[in-house]
1. Can you tally the net charge around Thr250? Count Lys and Arg as +1, Asp and Glu as -1, for every other residue whose Cβ sits under 11 Å from the Cβ of Thr250.
2. Per residue of region 157-174, what does 6.51 cos²θ - 1.76 cosθ + 1.60 with θ = phi - 60° give for ³J(HN,Hα)? Whole Hz please, x for Gly and Pro, Karplus curve as stated.
3. Roughly what % antiparallel, to the nearest 5, for the DSSP beta bridges in the chain?
4. How compact and how long is region 297-394, expressed as Rg and Dmax of its alpha-carbon atoms in Å?
5. Please give the charge dipole size of region 361-404, origin at the Cα centre, charges +1 on K and R Cβ atoms and -1 on D and E Cβ atoms. Round to the nearest 20 debye.
6. Which net charge results when you count Lys and Arg as +1 and Asp and Glu as -1 among the other residues whose beta-carbon is under 15 Å from that of Arg167?
7. Using alpha carbons only, how many angstrom separate the centre of region 63-81 from the centre of region 345-396?
8. Using only the Cα atoms of region 80-214, what do you get for the radius of gyration and for Dmax, in Å?
Amino acid sequence: MTLTLTNARLINPETGTDTIGSLTIEDGVITGINTAPAGDVVDCGGKCLAPGIVDIGVKVCEPGERHKESYRTAGLAAAAGGVTTVVTRPDTMPAIDSPEVLEFVARRAREASQVRMIPMAALTKGREGREMVEVGFLQDAGAAAFTDCDRVVTDTKVFARCLTYARSLNALVIAHPQDPVMSKGAAVTSGKFASLRGLPAVSPMAERMGLERDLALVEMTNAAYHADNLSTATALPALERAKAAGLDVTAGASIHHLTLNELDVGNYRTFFKVKPPLRSEDDRKALVAAVASGLIDIISSMHTPQDEESKRLPYEEAASGAVALETLLPAAMRLYHAGDMDLPTLWRALSLNPAKRLGLDGGRLAEGAPADLVLFDPDAPFVMDRFKLQSKSKNTPFDEQRMQGKVLATWVGGKEVFRKG
């Protein structure tokens, strides 16, 4: 099948360009840019056509908590949000820490999802931080990276061994920088707001301490390392030094930490409870500047479904996390409309960099690249209604907020998997 998408604003993060043009697709691959139309022709009406989003760190709750999110509903939500590749977390019940469990979730994803689903595996058995998983066997079974998610490996010797072994197999280790003792039981960031609300808090310094430890071990082992969700300005100098020293280090930030701050918690609104907690406005601005400069490489949704029973609790007791597969693109448009970065820069962090970090072919508008694409209108206004989300869980902090940016269509391997309306 041949398809030509004409009259589109081509958002190319690889070349940093935003130009009107056309794209030709054949057998699931981009075969031409600004060439003569062939096959079926679709007029994009001057709207933006960009590589599909590659989202690292999505929680799909199979096995164990299918009532919160399944591979089917996660796939529907991703397609509706312009996410063409979902990199799933291993913090399931049980954890994805063996080839058998990994193969089960990979099969479920293939059967149920319309978008690409790539699993990550746990770094230690049961995510308990005591015994390393069989990294080589899990790599052979298709694990994209290894992470214990928000459970920090507190035993430094165990973590060093994990990094050393991962280095020998060229495996990527993803970690959640945080001092686990300082952050234990914290619900918000320390400061005046936390004191006024009487909530247990953690200092931003806990993130810096966790990152400094991890980077010291990366320097010792030369492992490939990705910090999954930086959220504070105080951690950025350490990241900058590590990159300047030539370490194989990248970092990400969640869309919630880039667009919301601690004051959004308001009167104990638990949909704003995420991990790490929302930070100050100064921290948020520093993160945005770091993404724009390229210091922070990746923007992710950190999609974490929670059911009503987990969220309708006192703030301190409520579960952390928010769904974001469908809200990632319109929330990211806030950064574009605020003038913080242009669309190619934004898509560098949303699509190109995560694909490159995982060694994937996607994230590019180039001949020979997979035709994983999103067509969107960056200016279309709407009011978010959480009950219209495709996810099983509806815990979004953007409920009832005015937003801009609508996904009009999504293609995976040249096949249309979503069309607005």
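1. Values: positive: Lys243, Lys356, Arg357; negative: Asp228, Asp248, Asp297.
Result for the neighbourhood of Thr250: 0.
2. Karplus values, whole Hz, x for Gly and Pro: 5, 5, 5, 5, 5, 4, 5, 4, 5, 4, 4, 5, 10, 6, 9, 8, 9, 10.
3. Values: 31 of 61 bridges.
Roughly 50 percent of the beta bridges in the chain run antiparallel, per DSSP.
4. Both quantities, over Cα of region 297-394: 16.2, 52 Å.
5. With only Lys, Arg, Asp and Glu charged at Cβ, the dipole is about 300 debye.
6. Numbers: positive: Arg161; negative: Asp214, Glu219, Asp248.
Summing Lys and Arg as +1 and Asp and Glu as -1 gives -2.
7. Rounded to whole Å, the Cα centres lie 16 Å apart.
8. 17.1, 51
The values are calculated or read from the model by the stated rules, or taken from the named source; none is laboratory data. Computed from a predicted model, the values in this text were never measured in an experiment. Because the Cβ atoms are built from the backbone with ideal geometry, glycine has one as well, and the counts that use them run over all protein chains shown. The accessibility values were calculated without ligands, DNA or RNA, using every heavy atom of the protein model including side chains. Shrake-Rupley method; radii C 1.70, N 1.55, O 1.52, S 1.80 Å.
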